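Some notes on the structure that comes next.
Taken together, the values in this text are just the output of simple stated rules run on the coordinates, not laboratory data. Predicted, not measured: the structure shown is a model, and the values here were computed from it. As a convention, Cβ positions derive from the backbone with ideal geometry for all residues, glycine included, and neighbour counts pool all protein chains shown.
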Amino acid sequence: MTSSLSPARVDPSITTCMSVGQDVFAFVDGELTPAAAADVTIHLARCDACRVRAVAAERLVARLRRAARTDALPAAPPALRSHVEAMLAAWRPVPRAAAE
Ligand SMILES: [Zn+2]
């Protein structure tokens, strides 16, 4: 008996929730082909669950982009900085053992 869902009977052009889930970040980043992006757009117009997932992915990507633009690293606490500077000032190379 042949299943009605056998791979030969599944239309590959049908965008499923699973395929949208796999492509959602590529879609948000504009990395899909125009045809694939159009398929995802059509699916999102019909599927609330995937639209929620796409909006969440969009927000995450936007936050990551903002974070990547912020290149200011937090300064070391003054006590740590003083300690490291004192260690560097006191550092002396260890003399090598006298050659025999
Ligand atoms: Zn869906």
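Given labels modelled 7 Å from the Cα in the Cβ direction, how far is it in nm from residue 45 to residue 69?
3.1 nm
Given H placed on each backbone N at 1.01 Å, which residues far from residue 15 in sequence or on other chains put an amide H within less than 5 Å of it?
Amide H neighbours of residue 15, under 5 Å, 5+ apart: none.
Once you place label points 7 Å from the Cα toward the Cβ at residue 35 and residue 16, how far apart are they in nm?
In this crude label model, residue 35 to residue 16 measures out at 2.0 nm.
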